[in-house]
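Here the structure comes first, spelled out in structure tokens, and everything after it is commentary.
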Amino acid sequence: MTGTVTPTAPSPTLSAADRCDRCGAQARVRVVLVSGDLLFCAHHAHAYQDKLRATAVDWVDETATLQG
Ligand SMILES: [Zn+2]
């Protein structure tokens, strides 16, 4: 899979301590909603993006910046 690299995040990034809200894997995407943040692994970010993109305030995708 080839992703597009969007340099959107000037703020601190996700760390190994951040976990996917759905499966507990290391989070690669932060979805900012008016009600708060959600963290997802790449798999679940993809799974939920159709639903969440419409309401997300911000969508920080760090799948391209984190290795391993
Ligand atoms: Zn997940």
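For Asp21, nonlocal amide neighbours, meaning residues 5 or more places apart or on other chains whose placed amide H falls under 5 Å from its own, are Leu39, Phe40, Cys41.
All other residues whose Cβ lies under 9 angstrom from that of Glu62 are scored, Lys and Arg at +1 and Asp and Glu at -1, for a net of +1. Between the listed residues His43, Ala16, Val32, the Cα displaced farthest toward the positive end of the dipole of segment 16-61, a dipole computed from Cβ unit charges relative to the Cα centre, is found at His43.
Read-outs throughout are calculated quantities, based only on the coordinates presented, and are distinct from any laboratory measurement. Quick caveat: nothing in here was measured; it's all calculated off a predicted structure. Here the Cβ is made from the backbone with ideal geometry for all residues, glycine too, and neighbour counts use every protein chain on show.
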